[in-house]
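Visitor: Below are the structure tokens for one structure; questions will follow.
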């Protein structure tokens, strides 16, 4: 008998940013955060976990390449915690259950998006790891409980255990048991929420978020004010905006929080920069787009947000996506034809970039080809999925299948 | 008889930044600030003011071009206030004094640095305006009193009324009478303080500081924390560092405050960016230079600071200037030969850019020619100077002389 499970897990992009740990070992954050889970149809990590008495150690392959599962490391912690749950919740209660917690595991994981895309794969990766082990171990656990384990792999991974709009509540306990992800609203609540990822070319390798956020905690005089006096109210306000499907408020808070996250990074010593001149130009274009929208409708229509890198994610409602893609392509011409997963542009593809009436073109220049090296159009999506046998990434020997 | 005076006034570059007004009409700031006055031998505004009963209105020429002195405008306010002081302090006390306050004035002002250099000329310009009128009117006023008037022309101009290290105390009175500049230490206290201005090429026209700072006051949640809890202590700490000639502390505070000013600009809605990728690269180079210095000596040797634009000003002590210029030129090759006002490099000019041992060259690439389009080397300097007749900028008719 083969004990094996395969799951996929989504990427999430925060609207209220996580930046700073109060406990670096348990990965407990200095503030709550909130994200949108993106559709796994477009971006996902897929993971197969197998437990077998013949395996001599826990092993893991990422995109076909073995990664060492270092004792005390983050992968090891997650695997150990999941085995503990298997024992406590299943084997200790049912003596006939296979003693999977005593077997070593082999794990193969694969991201369907290139590392070069600059998307944080650790969130979807650890969420897929934890959800595949949960399926393998048949754990009777809700996603919120599993999020406690994923959090110890990579903080923001806890938010990828759920679909829709997800809050990571910072919690107050020192053992971290109340620092978990909860769903604010499922994807079905606001299915017209779309996302356009602008992959920005960047020569410079940025500061890693793990080391960067602790430098901010140690040196930024502004961070404490953000943590204590800004984020708590924003969590309340953006949750309300989501529940009311109030895009205008959702967008304003999202943009303000992205900018404030980069502001505290800049207030760090030495300062940390993740956005570059192309990122700034995307902001200028979206701000101008919103200025025109506010003039005509009283409300903004797009929200940019930037994580620890130069890529922009633009949230908007379905009705505006086409206009926004044309606008972005006008200022940031694309090398490759736009992959149009929703068939917005039909057979003829993208036309001449049109700008809304009253748009001041002078806010940005037309950038050289490849400054934005790719556009990924996706939308809000659900939590991890259990896949069937055919999707498994391990072969009979328990090593990664060669992918076509 | 010709009633005329000519003065020159210096540029100043803040270490603790002024950003935000509590009164936009009187120009009263939300926080105190502190600057270094730069040497007029290199950068200055020169102004000639003449009072004559034949003049029919107050007129002003800037770099040979007439600017309209609009009633209620900033130039008009300064001229009016200076006339009031003339009347109160001179004419009302001495009936025999010429009634200059009743005459219109003609004023010609000239900056010896190109506008394209991107240096704020309003500070030196208003300081020269006020000091030339003070000389014309023979006002028995110390610079601190005159700084109250210059402040109403352009906030940071008040700091150009004094040499050396100058604090602009925010004050608390609603009439602004305690919001003035005071000297923390004269230039003779620390004459080895040098400055290297890196003029950065920038296509984009930035947000004006006048409108930008009020947008920050209205929308940045972090600004209030900076004003109340960060700047007051920094003013104390940097004043102490100056009095003790503790360059390490002076530099660390200067860099942190520059970064925090740009952080609150970014925390504004819509966000304000003044630094670009070249500015960020200069920061990376100086931070690496300091990292190596700290490893070998325990102290940093350079401090960058950026005002409301992409240009860097690097403060350092005389002994390190040569090394820093070579380093900057290595990463940012110069189109024009370095103007070497202190004769550091002798007849052969700048050599191959050498980097200190242990310097990680990968922190920045070698930028294309002209990314930093000019370097200006100067040092700390004194307050406004009264010049003699030969330097006057007005001809016999009371209009600007044609400058060679």
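The values are calculated or read from the model by the stated rules, or taken from the named source; none is laboratory data. All figures in this text were calculated on a predicted structure; none of them were measured in a lab. All Cβ positions, even for glycine, are placed from backbone atoms using ideal geometry, and neighbour counts span all protein chains on display.
Visitor: Could we say that residue A:236 is at pLDDT 95 or above, under 25 Å from residue A:309 (Cβ atoms), out of contact with any helix residue (DSSP H, G or I) (no Cβ under 7 Å at 6 or more places or on another chain) and not in a loop (DSSP other than H, G, I, E, B) here? First the steps, then the outcome.
Guide: On the way: at pLDDT 95 or above: yes; under 25 Å from residue A:309 (Cβ atoms): no; out of contact with any helix residue (DSSP H, G or I) (no Cβ under 7 Å at 6 or more places or on another chain): yes; not in a loop (DSSP other than H, G, I, E, B): yes.
When the stated conditions are applied, residue A:236 does not pass them.
Visitor: Here's something else I'd like to know. Against the conditions (1) touching a strand residue (DSSP E or B) at 6+ places or on another chain (Cβ under 8 Å); (2) surrounded by fewer than 24 Cβ atoms within 10 Å (Cβ to Cβ); (3) not in a helix (DSSP H, G or I), where does residue B:163 fall short? Just the number, please.
Guide: Among (1) touching a strand residue (DSSP E or B) at 6+ places or on another chain (Cβ under 8 Å); (2) surrounded by fewer than 24 Cβ atoms within 10 Å (Cβ to Cβ); (3) not in a helix (DSSP H, G or I), residue B:163 violates only (2).
Visitor: Just to be sure, is residue A:152 without any contact (Cβ under 8 Å) to a residue 24 or more places away in the chain and either surrounded by fewer than 20 Cβ atoms within 10 Å (Cβ to Cβ) or part of a helix (DSSP H, G or I) (or both)?
Guide: On the way: without any contact (Cβ under 8 Å) to a residue 24 or more places away in the chain: no; either surrounded by fewer than 20 Cβ atoms within 10 Å (Cβ to Cβ) or part of a helix (DSSP H, G or I) (or both): yes.
So residue A:152 does not fit the description; no.
Visitor: Taking the condition of being surrounded by fewer than 21 Cβ atoms within 10 Å (Cβ to Cβ), outside any helix (DSSP H, G or I) and more than 9 Å from chain A (Cβ to nearest Cβ), how many residues in region B:251-305 meet it?
Guide: Going through region B:251-305 one residue at a time, the tally reaches 2.
Visitor: Okay, next question. Go through A:48, A:56, A:37 for me and flag whichever is surrounded by fewer than 17 Cβ atoms within 10 Å (Cβ to Cβ) and either touching a strand residue (DSSP E or B) at 6+ places or on another chain (Cβ under 9 Å) or farther than 30 Å from residue A:236 by Cα (or both). Spell out the reasoning first.
Guide: Details: A:48 fails: surrounded by fewer than 17 Cβ atoms within 10 Å (Cβ to Cβ); A:37 fails: surrounded by fewer than 17 Cβ atoms within 10 Å (Cβ to Cβ).
Being surrounded by fewer than 17 Cβ atoms within 10 Å (Cβ to Cβ) and either touching a strand residue (DSSP E or B) at 6+ places or on another chain (Cβ under 9 Å) or farther than 30 Å from residue A:236 by Cα (or both) holds for just one of A:48, A:56, A:37, which is A:56.
Visitor: Identify, please: which residue in region B:177-200 is assigned to a loop (DSSP other than H, G, I, E, B) and buried (at least 18 other Cβ atoms within 10 Å of the Cβ) and is, among those, farthest from the other protein chains (Cβ to nearest Cβ)?
Guide: Within region B:177-200, the subset assigned to a loop (DSSP other than H, G, I, E, B) is B:177-180, B:186, B:190-192.
Those still in the list that are buried (at least 18 other Cβ atoms within 10 Å of the Cβ) too: B:179-180, B:190.
On the way: B:179: 24, B:180: 27, B:190: 23 Å.
For region B:177-200, the residue satisfying everything is B:180.
Visitor: Hey, any hits in region B:317-324 for a residue that's modelled with pLDDT of 95 or more, part of a loop (DSSP other than H, G, I, E, B) and under 20 Å from the mean Cα position of the chain (by Cα)?
Guide: No, region B:317-324 contains no residue that is modelled with pLDDT of 95 or more, part of a loop (DSSP other than H, G, I, E, B) and under 20 Å from the mean Cα position of the chain (by Cα).
Visitor: Something else about it: Where the second residue is modelled with pLDDT under 95 and in a loop (DSSP other than H, G, I, E, B) and the first is within 13 Å of chain A (Cβ to nearest Cβ) and lies in region B:359-377, which pairs have Cβ atoms under 6 Å and are six or more apart or on separate chains?
Guide: Short answer, once both residue conditions are applied: B:371/B:201.
Visitor: Any chance you could count how many residues in region A:378-404 are closer than 30 Å to residue A:326 by Cα and surrounded by fewer than 21 Cβ atoms within 10 Å (Cβ to Cβ)?
Guide: 1
Visitor: Grab the strands (runs of 3 or more DSSP E) fully contained in region B:1-119, keeping just those with 2 or more residues being under 16 Å from the mean Cα position of the chain (by Cα).
Guide: Output list reads B:3-10, B:12-16, B:33-37, B:44-52, B:104-111.
Visitor: Within region A:223-230, identify whether any single residue is modelled with pLDDT of 95 or more, closer than 24 Å to residue A:299 by Cβ and assigned to a helix (DSSP H, G or I), and answer yes or no. Please lay out each step first, then the result.
Guide: Step one: of region A:223-230, the residues modelled with pLDDT of 95 or more are A:223-230.
After this cut, where a residue has to be closer than 24 Å to residue A:299 by Cβ as well, the list is A:230.
Those still in the list that are assigned to a helix (DSSP H, G or I) too: A:230.
Yes: region A:223-230 contains one or more residues that are modelled with pLDDT of 95 or more, closer than 24 Å to residue A:299 by Cβ and assigned to a helix (DSSP H, G or I).
Visitor: Let me ask something additional. Taking the conditions exactly as written (buried (at least 17 other Cβ atoms within 10 Å of the Cβ) and at the interface with another protein chain (Cβ under 8 Å from one of its Cβ atoms)), does residue A:230 satisfy them or not? Don't jump to the end; show me each part of the working.
Guide: Details: buried (at least 17 other Cβ atoms within 10 Å of the Cβ): yes; at the interface with another protein chain (Cβ under 8 Å from one of its Cβ atoms): yes.
Yes.
Visitor: Scan region A:203-222 residue by residue and report those that are loosely packed, with under 15 Cβ neighbours inside 10 Å, assigned to a loop (DSSP other than H, G, I, E, B) and more than 8 Å from chain B (Cβ to nearest Cβ).
Guide: Residues satisfying the conditions are A:205, A:208.
Visitor: Considering region A:271-290 alone, what residues qualify as being farther than 15 Å from residue A:370 by Cβ and free of Cβ contacts under 8 Å to residues at least 40 places away in the same chain?
Guide: A:271, A:275, A:280, A:283, A:286, A:290
Visitor: Here is a further query. In region B:374-389, how many are at pLDDT below 95 and either more than 17 Å from residue B:43 (Cα to Cα) or assigned to a loop (DSSP other than H, G, I, E, B) (or both)?
Guide: 1
Visitor: Can you say whether residue A:327 is at negative phi, part of a helix (DSSP H, G or I) and at pLDDT 95 or above, as far as the supplied structure shows? Please lay out each step first, then the result.
Guide: On the way: at negative phi: yes; part of a helix (DSSP H, G or I): yes; at pLDDT 95 or above: yes.
Yes, satisfied.
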